[in-house]
Amino acid sequence: MISSLAYIDPGAKLGEGVTIEPFATIHGDVVIGEGTWIGSGASIYDGARIGSNCRIFNGASISAIPQDMKFSGEETTLEIGDNTTVREFATLNRGTRARGRTSIGSNCLLMAYVHVAHDCSLGDHVIMVSYSAIAGEVELEDWVTLGGGVIVHQFVRIGAHTIIGGGAKVRIDVPPYIKADREPLAFMGLNTVGLERRGFSREKMHELHEIYRAYYNMGMNSSKALDYISASFAATPERDSIIDFIRSSSRGVIRAR
């Protein structure tokens, strides 16, 4: 159903079964996948590429131009995967020439009043709780959860399956599989609840616990700790993802509490 009270530019491309509620605005260079619902008063700007079966609630601003001084009108995009929900008054900005696009994965939940700045990359199953905000060129891997009011500095990376406690300030990178909280932000142990919900075995969680115990609690610097982990633990995708994440970090990773 497309309301006669919505504004839809003739150039917009809408899939089958799209619903547009009254007073929504859809600009011309927009693609919306089949079965997606756009709520009243939502604004979908040029460059939006929205997947199938998404829900965009009232007042959300999708693909508005970046709040970045270097933006000079170049054509960029804001891309959203399938089955993602964007709640009331969230603001998602499109990219700049730095990366050309902002991308948000599938099965994500961006709650009311969240902000995603230019050129960010969000994986699948990401949750941003209300009032959380990420600055430009931030990367959130799959299954990241940001608690309410979390603020993330530009260029920061947060690893897969990590949860950040509400109100935290994230200034440097946060490795995968963990929970982080306090000020300054610190390692608080494994994200055991999240990992259990996603089917990680007790044996796998024990492996991850021992890897992080070696990294944070054995008194070695980062490079020596990673060498120790490489030599002492059998190669697994999880072990390798931790090593690769920390070694590739240009900003450094959080410390233990």
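Derivation of every value follows stated rules applied to the coordinates shown; laboratory data play no part. Because the structure is a prediction, the values reported are computed rather than measured. Ideal geometry is used to build each Cβ from the backbone, glycine not excepted, and the neighbour counts take in all protein chains shown.
Observations, loosely collected:
- Rounded FRET efficiency, nearest 0.05, which uses the C-beta distance separating ASN58 from SER222 and R0 of 45 Å: 0.45
- In the chain, taking the dipole from charged Cβ atoms about the Cα centre, the farthest positive-side position among TRP37, LEU195, GLY123 is held by LEU195.
- Were the residues from SER248 through ALA112 laid out at 0.36 nm apart, the gain over their Cα-Cα distance would be 45.7 nm.
- Counting Lys and Arg as +1 and Asp and Glu as -1 over every other residue whose Cβ lies under 13 Å from the Cβ of LYS169, the net charge comes to 0.
- Principal-axis tilt of helix 222-232 within the chain, Cα atoms, nearest 10 degrees: 70
- Violating pairs (Cα-Cα greater than 32 angstrom) within the set LYS70/LYS169; LYS13/LYS179; LYS169/LYS204: LYS13/LYS179
- If you look at the Cα atoms of the chain, you get an Rg and a Dmax of 19.8, 66 Å.
- 222 nm mean residue ellipticity, helices alone, for the chain (DSSP H n ≥ 4; -39,500 (n - 2.57); rounded to 500): -5500 deg cm²/dmol
- Take 198-204, 78-84 and order them by the average number of nearby Cβ atoms within 10 Å per residue, most first; the result is 78-84, 198-204.
- Convex hull volume of the Cα atoms of region 1-80, normalised per residue: 78 Å³.
- For region 7-155, averaging the sequence separation of C-alpha pairs within contact (under 8 Å, six or more residues apart) and dividing by the residue count gives a relative contact order of 14 percent.
- In nm, spacing of pseudo-spin labels at GLU196 and TYR7 (7 Å Cα→C-beta vector): 5.1
- Projecting the Cα atoms of SER232, SER250, SER222 onto the dipole axis of region 195-256, where Lys and Arg carry +1 and Asp and Glu carry -1 at the beta carbon, places SER250 farthest toward the positive end.
- Fraction of the pair-distance distribution of region 195-256 above 14 Å, Cα-Cα pairs, percent: 58
- For the chain, the longest principal axis of the C-alpha atoms and the axis of helix 237-248 are separated by about 80°.
- For region 195-256, size of Cβ-based charge dipole, Lys and Arg +1, Asp and Glu -1, in debye: 240
- Taking chymotrypsin sites (Phe, Trp or Tyr not before Pro) across region 103-191, the ones in a DSSP loop with at most 16 further Cβ atoms lying within 10 angstrom of their Cβ are PHE155.
- Here region 180-208 and region 210-235 have alpha carbon centers that stand 17 Å from each other.
- Region 152-257: C-alpha gyration tensor shape, a/c 1.5 cut-off, then a/b vs b/c: oblate
- Taking THR162, THR85, THR19 in turn, the Gaussian network model of the chain (Cα-Cα springs below 10 Å) assigns the largest fluctuation to THR19.
- The angle between the Cα long axis of helix 202-217 and the main principal axis of the chain comes to about 70°, on a 0 to 90 degree scale.
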